[in-house]
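To start, the structure itself, in structure tokens.
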Amino acid sequence: MWIDLVKSFIYIALELTILFVIISFLISLLQGYIPYKKIEKKLAGKNRFLAASAAIAFAFITPFCSCSTIPVVVNMLKKKMPFGIVMIFLFASPVLDPTIITIMGVVLGWKVTILYTIVTSIFSVIIGFALEAFGFEKYVKNVVMTGYQDRNNKFNFKLAVKETMDLMKNVYPYLIIGAAIGAIINGLVPTEWISSIFGEDHWWLIPIAAIIGIPLYIRLSSMIPISQILIMKGMALGPVMAMMISSAGASLPEVILLKSIFKKELVVTFVLSVVTMSTISGFIFYLI
């Protein structure tokens, strides 16, 4: 049994490692061609649709986890960008990682990945504008922090290698943790048990999975191999996606960091919004 467990871990980890290194390097290589200053102008523009689209695009091209998104959010607020646009980026950035989404497409399938991207993007825009409309901007504290920096050079092979290595240090351990958890679930947890409890069409499993995902602090990179195994074991797609979105969108460390820049009213609303987004998204996957 333990030999099979080790073999399963090596297979999952090796597959994800190859994908991660190749995709991360290509994305880092292309970062120099991304016009960050132009995107910043679009974010602050008067056209709300273009600004929201720019926020989603900016969230997609910045491979940040939920915690590392906070300095960028502070920088955007410091530059007096529209509050709704900043909130769209805050919700979208952790769940729209280009590297992980590509890996998700390979592992979970492109139909699931495309639907995931569309659903999370739409809900990020809706929630961001809703928070602005209800006047939650008044719950932002005054905090000064530096954010991202624009890159001046274009094609830079050495810089791409360095950024890939840096990303490996920050994200790769979570991929390995996810691969290990996935291998353990695959080897030790009975298929019949998962399929009998989580494979049924019980609607209440989706909000439960969304709530469970918040305190877990399982990064999206870790959730990919775990989700793959859970689905293979018979767990329904709705609860899996709900847990994936909530765990990536609002972790406990992020909530603690948000408390330093937001008042408690906005922090609580943020967590409830992530739970709502992940729950409704889970129901969409459940119905489809």
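All of the numbers you see were taken from the coordinates with simple rules; none came from a lab. Model, not experiment: these values are computed from the prediction. Cβ atoms come from the backbone with ideal geometry, glycine included; neighbour counts cover every protein chain shown.
Kindly provide the trypsin sites (Lys or Arg not before Pro) of the range 239-288 that DSSP labels as loop, not H, G, I, E or B, and whose Cβ sees at most 16 other Cβ atoms within 10 Å.
Sparse-neighbourhood loop trypsin sites (Lys or Arg not before Pro): K263.
To the nearest 0.05, how large is the calculated FRET efficiency for K80 and I126 if R₀ is 30 Å and r is the Cβ-Cβ distance?
Computed FRET efficiency for K80 and I126 comes out at 0.85.
Hey, what do the phi angles of the range 94-107 turn into as Karplus ³J(HN,Hα) couplings, whole Hz, using 6.51/-1.76/1.60 and θ = phi - 60°, x for Gly and Pro?
x, 9, 10, 7, x, 5, 5, 5, 5, 5, 4, x, 6, 7
Show the residues, 5+ positions off or on another chain, whose built amide H is closer than 5 Å to the amide H of F262.
Residues meeting the amide H criterion: K141.
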